[in-house]
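Visitor: First the structure, which I've put down as structure tokens, then a few questions once you've had a look.
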Amino acid sequence: MRRLLLFCLAVSAALSCLSAAPPKSIDEVTKNMRKIDGCVPLYWDETEGKMWLEIDHFNREFLYLASLPAGVGSNDIGLDRGLMTDPKVVAFERAGPRVLLIQKNYTFRSSSTNPMETRAVRDSFATSALWGFDVHAVDGEKALVDATSFFEHDFVGVATAMATTHQGAFTLDPSRCAFYLDRTKGFPSNSEVEVTLTFRGDHPGSYVREVTPTPDSVTVREHHSFIALPEDGFQPRAFDPRAGYGELIYRDYSAPLGDPLDKRLIHRHRLVKRDPAAAVSEAVKPLVYYIDGGAPQDVLEALTEGARWWNQAFEAAGFRDGFQVKTLPADVDPMDIRYNVVQWVHRYTRGWSYGNSIVDPRTGEILKGQVTLGSLRYRQDYLIFSGLLSPFGPSSQTAASMKDAVYARLRQLAAHEIGHTLGLAHNYIASTHNNASVMDYPHPRVDLLPDGNLDLSHAYPTGIGEWDKVAIRYGYTQFPSGADEHQALNSILLDAARSGDISITDADSRPLGSAHPRSHLWDNGPNAVDELQRILKVRQAALARFGQNSIPADSPLSTLDDTLVPLYYLHRYQTEAAGKSLGGLDYTYALRDDGQLVTKIVPAAEQRRALAALLETISPKTLTLPERILLLIPPHPPGYPRNRETFPSRTGLTFDPVAAAEAAADLTASLLFNPERAARLTQYHARNQANPSFNEVVQTVAKATWLAPAPSGMEGEIKNTVDIVLLEHLLQIAADPEAATSVKSTALSTLESAKTRLPIYVRHLLDEFDRDPKNFQLPQISPAPPGQPIGEEECGMPLLPAPIF
């Protein structure tokens, strides 16, 4: 019986194999579908709501990226319209009935022509399988796969962004997802697929509630791009830290012994002269940038004008009309890889603008520039100027000058963000040398006239800067055949350095404890201390005129709170800039034997000038608002609630001038008692006794603040608050496990020696610290409203997950 059963099963299996239908052809499966030809052929099945993908070349590399053409609208969450992921070099690989989409690993390479050596490197490091597909039809070497689940996957990371920003646990709901066919297209060099994705969530957070009609149902659109690799012939260019470019880094394991393993290239577009022998020539294919027609007409004109500044730089690099700007035609898809686009994006809260690029990870070639400009930014500029000029009186003539300054800022902003898409990094030292670059962050220049009025006519520079021309020459000059490119590029940078044009970027400029005295964000002038003293006078003059004319007619008087914020904290960035001179170190990105400054400690006299200027920012006279202003600001009425853009308050619904001063003092205290700055002060004093020590700084601050007699009235209350903020920061250094031992010793000895003269509250904190220093925590200090755009303090080049300005 058992043998009979086995025989029957075998016969049944054989008959099944013989009767199995042969695999269907692609034409059979897709005969009722709509074909979308392009870089990767697509088939749309209207009946089933599925998207099929025809793979006609296996193991052929191309680029894949996901993006967000319709976002969430919250800068805090970061899911903006136009957001892109990093492009990936991928290829389809087939193994029987399965197809894998494999991301190649170009971080580790071999430049050898020996295939065995190349394979040894390739097989030493992992690749990444992004997706697996089942083959449903074949036609020779071609295969058809159902890509519906691939396209409806959250490759942008919406759910992750929601979780990271504490907006709730969101998951994709397949029943509320569909293909968005209006933006699903095929082009010769790229295929584009767009889908509508809905995420359902539990306990959605406040940011989601602000921007979504039903907060537990967030619907966005994600876009998939398959992009053919560019044609051969692009000439990569070496990265030089002095040149001000973003870099592509990879490791070449076939580099000769003694040569660096890590190779560095800049990001740049492909731009070639029609006449390579001519000093100035038209380009074979000029760079064309398209401005989003969704911006208001006056904004569109300003953005277009600012974008066109770059043609000056490309002219200096030898290209006649090599950079052009046009308005994006209404029928052009802004996600099309063939178009460099400047998009005008709306959010609920103001935020950073970004300059992103799609870059070939193999060579550094920029394939597409995409700029995202936040629409609320220019309204914030208008608010700043309203507080400065109080322009809404019956006979005021300043409204036009305010708008002129706002449009000047838009021109500069367009040029700045496009600069990132050309490959350029920030250059924060440029403002100290004739505003040499649009890649700096400009604070509006407000001039105080002899009659006490304020002038905005020079609020922002006009045109491209000298450094920008240098940088574009470095990145885009096409050298004659046979020229020594390395030597020519070096000469460009050294000639610029001799003229004072250099680059210092983010890592050396952003942190509060950074040391460079000339490189900072939102500052002005060749000397940070001088400019701080000047801007304090501008602030004083603006406060003297601040009043009901600082807001438009029929506005609730409580909105004076909003207008006063940027004026009261007008000096915040220049304070940070001046603070870097204290314990500061001047330096460049010098290479061996290039003749540039290597390092130089800021002169002792300048450090002490900086200290005096910082103390002026926390004097009761500076921080105390006049009584007439306090009487003007009532609690916020219905419909005009407090938000993070308004002053902090410890007095309930009423305006709190002491909390405002507390937040201002917190900034200066964080500069004076920064542990990294304190360590430099200690070391620089040890190297040269003429330099101020950290102990000298602490004693100077003590004499000017908590050891000085208190004035009467509101100034006395402000002084007491400032004193406590300073002492809390000093105690924070003592409690900081990362602070240098000598710095903590100075902080503790100062507090202990003056303990009997300290406020009771501070003595209580000191006792708590003595009892349990490891678990000691300081109370929360009132935070200042945001000055920089809300959100991440990174902007410029990166794609997801980090945004750019």
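Visitor: Taking the range 190-215, which residues are open to solvent by less than 20 Å² (accessible area, probe 1.4 Å), assigned to a strand (DSSP E or B) and more than 27 Å from residue 44 (Cα to Cα)?
Guide: Result: 201, single match.
Visitor: Condition (residue is open to solvent by 80 Å² or more (accessible area, probe 1.4 Å), of a type in the set (Gly, Ala, Ser) and touching a Gly at 6+ places or on another chain (Cβ under 9 Å)) applied to the range 273-287: is it met by at least one residue?
Guide: Checked against the condition, which is being open to solvent by 80 Å² or more (accessible area, probe 1.4 Å), of a type in the set (Gly, Ala, Ser) and touching a Gly at 6+ places or on another chain (Cβ under 9 Å), the range 273-287 yields at least one hit.
Visitor: Could you check how many residues of the range 536-589 are under 30 Å from residue 682 (Cα atoms), open to solvent by 10 Å² or more (accessible area, probe 1.4 Å) and of a type in the set (A, V, I, L, M, F, W, C)?
Guide: Residues meeting the conditions: 2.
Visitor: Something else: Kindly indicate whether residue 63 is open to solvent by less than 50 Å² (accessible area, probe 1.4 Å) and within 20 Å of the chain's Cα centre (by Cα). Don't jump to the end; show me each part of the working.
Guide: Details: open to solvent by less than 50 Å² (accessible area, probe 1.4 Å): yes; within 20 Å of the chain's Cα centre (by Cα): no.
Against the criterion (open to solvent by less than 50 Å² (accessible area, probe 1.4 Å) and within 20 Å of the chain's Cα centre (by Cα)), residue 63 does not qualify.
Visitor: Would you be able to tell me the number of residues in the range 460-507 that are without any contact (Cβ under 8 Å) to a residue 60 or more places away in the chain and part of a loop (DSSP other than H, G, I, E, B)?
Guide: 9
Visitor: Determine which single condition residue 148 fails, assuming it passes every other condition in (1) crowded, with 19+ Cβ neighbours inside 10 Å; (2) over 21 Å from residue 41 (Cβ atoms); (3) of a type in the set (Ser, Thr, Tyr).
Guide: (2) is the only condition that residue 148 fails.
Visitor: Do you know which of the residues in the range 736-745 that are under 32 Å from the mean Cα position of the chain (by Cα) and crowded, with 16+ Cβ neighbours inside 10 Å is farthest from residue 775 (Cα to Cα)?
Guide: First, the residues of the range 736-745 that are under 32 Å from the mean Cα position of the chain (by Cα): 736-740.
Filter once more, keeping what is crowded, with 16+ Cβ neighbours inside 10 Å: 739-740.
Values: 739: 16, 740: 19 Å.
Among those residues, the one meeting the criterion is 740.
Visitor: Does any residue of the range 308-315 turn out to be touching a helix residue (DSSP H, G or I) at 6+ places or on another chain (Cβ under 8 Å) and over 19 Å from residue 470 (Cβ atoms)?
Guide: Of all residues in the range 308-315, those touching a helix residue (DSSP H, G or I) at 6+ places or on another chain (Cβ under 8 Å) come to 309-310, 312-314.
Filter once more, so that each one left must be over 19 Å from residue 470 (Cβ atoms): none.
Looking through the range 308-315, none of the residues is touching a helix residue (DSSP H, G or I) at 6+ places or on another chain (Cβ under 8 Å) and over 19 Å from residue 470 (Cβ atoms).
Visitor: Within the range 707-734, which residues are open to solvent by less than 30 Å² (accessible area, probe 1.4 Å), part of a helix (DSSP H, G or I) and among the hydrophobic types (A, V, I, L, M, F, W, C)?
Guide: Scanning the range 707-734 gives 718, 722, 725, 726, 727, 730, 731, 733, 734.
Visitor: Here's a follow-up. Just checking, which of 482, 513, 475 is more than 30 Å from residue 608 (Cβ to Cβ) and either aliphatic (A, V, I, L, M) or in contact with a Lys or Arg (Cβ under 7 Å, 6 or more places away or on another chain) (or both)? Walk me through how you get there before you give the answer.
Guide: Values: 482 fails: either aliphatic (A, V, I, L, M) or in contact with a Lys or Arg (Cβ under 7 Å, 6 or more places away or on another chain) (or both); 513 fails: more than 30 Å from residue 608 (Cβ to Cβ).
Answer to the check: 475.
Visitor: Ok, one more. I'd like to know if the range 420-427 contains one or more residues that are within 27 Å of residue 518 (Cβ to Cβ) and surrounded by fewer than 24 Cβ atoms within 10 Å (Cβ to Cβ). Spell out the reasoning first.
Guide: Of the residues in the range 420-427, the ones within 27 Å of residue 518 (Cβ to Cβ) are 420-427.
Then drop every residue that is not surrounded by fewer than 24 Cβ atoms within 10 Å (Cβ to Cβ), which leaves 425.
Among the residues of the range 420-427, at least one is within 27 Å of residue 518 (Cβ to Cβ) and surrounded by fewer than 24 Cβ atoms within 10 Å (Cβ to Cβ), which makes the answer yes.
Visitor: Residue under question is residue 306, and the condition is that it be free of Cβ contacts under 8 Å to residues at least 40 places away in the same chain, small (Gly, Ala, Ser) and either assigned to a loop (DSSP other than H, G, I, E, B) or under 13 Å from residue 414 (Cβ atoms) (or both); does it hold? Spell out the reasoning first.
Guide: Numbers: free of Cβ contacts under 8 Å to residues at least 40 places away in the same chain: no; small (Gly, Ala, Ser): yes; either assigned to a loop (DSSP other than H, G, I, E, B) or under 13 Å from residue 414 (Cβ atoms) (or both): yes.
For residue 306, the condition - free of Cβ contacts under 8 Å to residues at least 40 places away in the same chain, small (Gly, Ala, Ser) and either assigned to a loop (DSSP other than H, G, I, E, B) or under 13 Å from residue 414 (Cβ atoms) (or both) - is not met.
Visitor: Another one. Evaluate the following for residue 57: is it open to solvent by 50 Å² or more (accessible area, probe 1.4 Å) and modelled with pLDDT under 95? Quick ask: steps written out before the conclusion?
Guide: Values: open to solvent by 50 Å² or more (accessible area, probe 1.4 Å): yes; modelled with pLDDT under 95: yes.
Here the answer is yes, as residue 57 does meet what is asked.
Visitor: Here is a follow-up. List, please: which pairs have Cβ atoms under 6 Å, are six or more places apart or on different chains, and start with a residue in the range 145-164 that is closer than 20 Å to residue 70 by Cα and charged (D, E, K, R) and end with one that is assigned to a strand (DSSP E or B) and open to solvent by 20 Å² or more (accessible area, probe 1.4 Å)?
Guide: Close Cβ pairs (under 6 Å, with a partner that is assigned to a strand (DSSP E or B) and open to solvent by 20 Å² or more (accessible area, probe 1.4 Å)) amount to 154/172.
Visitor: Let me confirm something: among 381, 333, which residue is assigned to a loop (DSSP other than H, G, I, E, B), crowded, with 18+ Cβ neighbours inside 10 Å and among the charged types (D, E, K, R)?
Guide: Working: 381 fails: assigned to a loop (DSSP other than H, G, I, E, B).
Matching residue, one of 381, 333: 333.
Visitor: If you don't mind, another one. Could you list all residues from the range 693-707 that are modelled with pLDDT of 95 or more and of a type in the set (A, V, I, L, M)?
Guide: As a first pass, look at the range 693-707 and keep what is modelled with pLDDT of 95 or more: 693-705.
If the condition is that a residue be modelled with pLDDT of 95 or more and of a type in the set (A, V, I, L, M), then 697, 698, 701, 702, 704 are the ones that fit.
Visitor: Give the residues of the range 338-364 that are of a type in the set (A, V, I, L, M, F, W, C), under 26 Å from residue 238 (Cβ atoms) and part of a loop (DSSP other than H, G, I, E, B), sorted by residue number.
Guide: Pass one, the range 338-364, residues of a type in the set (A, V, I, L, M, F, W, C): 341-342, 344-345, 352, 358-359.
With under 26 Å from residue 238 (Cβ atoms) added as a condition, the list becomes 358-359.
Once the filter is applied, which keeps residues that are of a type in the set (A, V, I, L, M, F, W, C), under 26 Å from residue 238 (Cβ atoms) and part of a loop (DSSP other than H, G, I, E, B), the range 338-364 yields nothing.
Visitor: Got a number for residues in the range 615-653 being part of a loop (DSSP other than H, G, I, E, B), more than 21 Å from residue 712 (Cβ to Cβ) and of a type in the set (Ser, Thr, Tyr)? First the steps, then the outcome.
Guide: First, the residues of the range 615-653 that are part of a loop (DSSP other than H, G, I, E, B): 618-619, 624-626, 631-653.
Going one step further and asking which of them are more than 21 Å from residue 712 (Cβ to Cβ), we end up with 632-650, 652-653.
Those left that are additionally of a type in the set (Ser, Thr, Tyr): 640, 646, 649.
The total comes to 3.
Visitor: Under 7 Å between Cβ atoms, which residue pairs at least 6 apart in sequence (or on different chains) link something in the range 595-624 that is open to solvent by 30 Å² or more (accessible area, probe 1.4 Å) with a partner that is among the aromatic types (Phe, Trp, Tyr)?
Guide: 597/587; 598/587; 599/587; 601/684
Visitor: Here's a follow-up. Name the pairs whose Cβ atoms lie under 7 Å apart, with the first residue in the range 746-775 and surrounded by fewer than 19 Cβ atoms within 10 Å (Cβ to Cβ), the second in a helix (DSSP H, G or I) and of a type in the set (Asp, Glu), and 6 or more positions between them or separate chains?
Guide: Cβ pairs passing all conditions: 759/723.
The values are calculated or read from the model by the stated rules, or taken from the named source; none is laboratory data. Treat the numbers as computed from the prediction; the structure is a model and nothing was measured. Neighbour counts are summed over all protein chains in view; Cβ atoms, including those assigned to glycine, are modelled from backbone coordinates with ideal geometry. Each accessible area value is taken on the protein alone, full model and side chains, heavy atoms only, with ligands, DNA and RNA left out. Shrake-Rupley method; radii C 1.70, N 1.55, O 1.52, S 1.80 Å.
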